[in-house]
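See below for the structure under consideration.
Read-outs: derived from the displayed coordinates by stated rules, not from any lab. Predicted model, so just to flag it, every value in this text is computed and none were measured. No Cβ is skipped: glycine too gets one built from the backbone with ideal geometry, and neighbour counts run over all protein chains shown.
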Amino acid sequence: MRWEQLFADLQAQFDAEESAAERAEDASRARAAVGRLRWLDRFGGARGHEVGLTCTGAGEVSGRVADLGPDWVLLVDERSREHLVATAGVCALVGLGAATAAPADDGPVARAWDLRRAVRALARDRAPLQCVLVDGSVLTGTVDRVGADYFELAEHPADEPRRRAAVRQVRTVVLTALAVVSPAVSSRG
């Protein structure tokens, strides 16, 4: 009987040590998995949720996560205004919650839909925009064309259409200097 108790105690100790080792290994695996995540992977799990981004030059930009690309995020605010945010200028985030998107290869099409192509889509719309740069400058006008690493903005008042007489100047903006692009707000409303 004493031997049976001794073996039972030894088995219980062994089981406890094995269980502790498994828990430590699981925790180590979890830390390693989190260590491989990029913040955009975490951000992908926030689609449809309200978040706040602190951006260089633009300050706080908040809204519901509508879409994201390899180097941009689209937020829709409470007034249904869309804000295209360049991820290079994001300094801090709030509202991510616990959800995480699985880091995956999105394929060549999704990877190609970068900030340059998003700005090119805005150029096709021909709508007046407000562009906030990483230095805090605010430019208003219409995107005329987009190059490999820049875009040209015809600067004009937000409440006037892009017409030759309304354009004050055409400014070339380097894409890496872009923080946030939003619909222009006219002074009339």
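Table for the structure above
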item	result
Tensor-based shape of segment 46-102 (alpha-carbon gyration tensor, a/c under 1.5 rounded, otherwise prolate or oblate)	rounded
Residue-wise HN-Hα coupling along segment 82-91, computed from phi with Karplus coefficients 6.51, -1.76, 1.60 (Hz; x: Gly, Pro)	8, 10, 8, 10, 6, 5, 4, x, 6, 9
Relative packing of peptides 54-61, 146-153 - highest average C-beta neighbours within 10 Å first	54-61, 146-153
For Trp72, distant residues with modelled amide H under 5 Å away	Thr87
FRET efficiency, Val138 to Arg38 (Cβ-Cβ, R0 22 Å, nearest 0.05)	0.15
